[in-house]
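Report on the following structure.
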Amino acid sequence: MDASLALPRLRFCDSLKAADDPALELRAGLSAAAASIAPKFFYDRLGARLFEAICELSEYTLPRDEQVIFDRHTADITQAVGPDCTLIDLGAGNCAKAERLFPALAPRQYVAIDIAAAFLREQLTRVAQRHPQIEMIGVATDFSSGLALPASVRAQRRLAFYPGSSIGNFAPLDARAFLSSVHAACNGGYLLLGADLVKDPVAQVAAYDDALGVTAAFNLNVLNVANRLAGTDFLVSDWRHVARFNETESRMEMHLEARRDLVVCWPGGERRFAAGELIHTENSYKYTRSGLTGLLHSAGYRNVRLFTDPSERFVVALAE
Ligand code: AVJ
């Protein structure tokens with residue numbers, strides 16, 4: 001039996017629109033002069049698991065740096081937001097970060113939003129079993145082009161939660177547009193946002209090119225996702241993981257590099273790649289404290305408070 005059936009305070013809502021046809025989006029990205037695949041396609045079931053593994057890597061310190069900040073400042077956050085909030089988790093994944101806030105924050109409603117529908121359903125069902133007093137709504141949607149919430153989400157005391165430096169996937173202007181849409185969706189509420197800070201370039205690259213090759217597997221797996229969703233015929237072994245820091249743009253970049261001349265085919269199209277040619281799969285922008293404050297102000301937020309870890313590698317912003 002589906003465990004969620006026995007949980008009356010848990011609901012799911014699938015708002016993945018027919019308009020965002022992944023096959024068309026993937027094929028268009030592969031056909032462009034500079035080929036690309038959007039990072040949201042990393043997160044099929046295996047991709048979501050590989051990302052969990054990345055978060056355990058010694059080179060990838062982001063989740064631990066962020067957790068130190070949350071643990072230290074839970075009281076500040078709880079005090080500012082007040083009781084009975086509606087916690088809106090943007091890119092909830094395994095819901096673990098939000099769940100760690102539950103004891104202090106005691107939200108009345110928890111809204112977990114993620115593009116990985118099946119993974120979210122599985123994880124949120126477990127979370128709901130552990131916290132039967134909190135009303136929960138799982139929303140499967142792609143919010144990368146703006147946030148819209150189902151009517152069942154309470155309007156009062158909304159706290160948008162966007163941890164993990166996921167904001168880094170947006171170019172600065174898109175980040176501003178996205179945060180403006182979050183601001184509009186949480187009128188009168190709060191935002192709790194995590195962002196990775198600019199740091200030593202060697203450590204920065206190692207975080208995206210770990211010795212075990214977990215990040216390489218995560219990056220390469222997007223080709224399996226494309227094969228499934230867009231009918232392409234990528235051979236994973238023809239590609240190599242590339243991670244580099246783009247100093248001018250202040251961002252980490254991940255690419256897949258063709259190991260030889262090859263052709264990728266799909267129903268109705270094909271793309272030729274020369275050896276060494278790249279598919280751009282992800283940008284992870286790195287912020288400074290003042291850059292992040294400026295971004296939040298430009299998106300309509302005020303009373304921005306910043307919390308950092310002792311090594312100043314990560315920053316958490318709480319804004320009204
Ligand atoms: C989930 C977007 C925050 O950019 O650091 C981890 C994804 N990519 N390793 C990041 C990721 C490669 C991650 N975010």
Check your understanding: Residues of segment 22-57 being hydroxyl-bearing (Ser, Thr, Tyr) and in contact with a helix residue (DSSP H, G or I) (Cβ under 9 Å, 6 or more places away or on another chain), which ones?
Key -> Ser36, Tyr43
**Study point:** Matching residues, segment 18-65, being in a loop (DSSP other than H, G, I, E, B), at pLDDT below 95 and either away from the ligand (no atom under 14 Å from the Cβ) or under 12 Å from Thr215 (Cα atoms) (or both)
**Key:** Ala18, Ala19, Asp20, Asp21, Asp44
Study note, to complete from the structure: Going through segment 49-80 in order, the residues found to be under 17 Å from Ala319 (Cα atoms), in contact with a Phe, Trp or Tyr (Cβ under 9 Å, 6 or more places away or on another chain) and among the hydrophobic types (A, V, I, L, M, F, W, C) are Ile69, Phe70, Ile77, Ala80
Review point. Conditions: (1) assigned by TED's automatic domain parsing to the domain that holds Leu306; (2) within 13 Å of the ligand (Cβ to nearest atom); (3) touching a Ser or Thr at 6+ places or on another chain (Cβ under 7 Å). Met254 meets all but one. Number of the miss?
Key: (1)
Practice item. May I ask you to list the residues in segment 260-298 that are surrounded by 21 or more Cβ atoms within 10 Å (Cβ to Cβ) and of a type in the set (Phe, Trp, Tyr)? Key: Phe273, Tyr285, Tyr287
Revision key, fill the gap. Flagged pairs (Cβ under 7 angstrom, 6 or more apart or on separate chains; first in segment 244-256, in contact (Cβ under 8 Å) with a residue 40 or more places away in the chain; second within 13 Å of the ligand (Cβ to nearest atom) and aromatic (Phe, Trp, Tyr)) are Ser250/Tyr285; Arg251/Tyr285; Met252/Tyr208; Met252/Phe245; Met254/Tyr208
Study note, to complete from the structure: Listed by first then second residue, the pairs whose first member lies in segment 58-78 and is in contact (Cβ under 8 Å) with a residue 40 or more places away in the chain, whose partner is assigned to a helix (DSSP H, G or I), with beta carbons under 6 Å and at least 6 positions apart or on separate chains, are Glu59/Ala206; Tyr60/Ile54
Point to revise | Answer from Gln204, Gln156 - the residue that is among the polar types (S, T, N, Q), within 13 Å of the ligand (Cβ to nearest atom) and over 30 Å from Gly269 (Cα atoms) | key: Gln204
Review point. Using beta carbons and a limit of 6 Å, which pairs, at least six apart or on different chains, have the first residue in segment 176-197 and closer than 28 Å to Pro310 by Cα and crowded, with 23+ Cβ neighbours inside 10 Å and the second one modelled with pLDDT of 95 or more and of a type in the set (Lys, Arg)?
Key: Asp196/Lys286
Check your understanding: Does Arg176 satisfy being among the basic types (Lys, Arg) and under 27 Å from Tyr60 (Cα atoms)?
Key -> yes
Practice item. Note down all Cβ pairs under 7 Å where the first residue falls in segment 80-91 and is in contact (Cβ under 8 Å) with a residue 60 or more places away in the chain, the second is within 16 Å of the ligand (Cβ to nearest atom) and assigned to a loop (DSSP other than H, G, I, E, B), and they're at least six residues apart or on different chains. Key: Asp89/Cys95; Leu90/Phe143
Point to revise | Qualifying residue in segment 190-209 (condition: in contact with a helix residue (DSSP H, G or I) (Cβ under 9 Å, 6 or more places away or on another chain), farther than 30 Å from Arg289 by Cα and not charged (D, E, K, R)) | key: no
Check your understanding: Could you say which residue among Val236, Val198, Val222 is at pLDDT 95 or above, among the hydrophobic types (A, V, I, L, M, F, W, C) and more than 16 Å from the ligand (Cβ to nearest atom)?
Key -> Val236
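Looking at Arg272, Arg260, can you tell me which residue is within 26 Å of Val242 (Cβ to Cβ), without any contact (Cβ under 8 Å) to a residue 24 or more places away in the chain and assigned to a strand (DSSP E or B)?
Just one listed residue meets the conditions, Arg272.
The values are calculated or read from the model by the stated rules, or taken from the named source; none is laboratory data. Computed from a predicted structure; not experimentally measured. For neighbour counting, all protein chains shown are included, and Cβ atoms are generated from backbone atoms with ideal geometry for every residue, glycine included.
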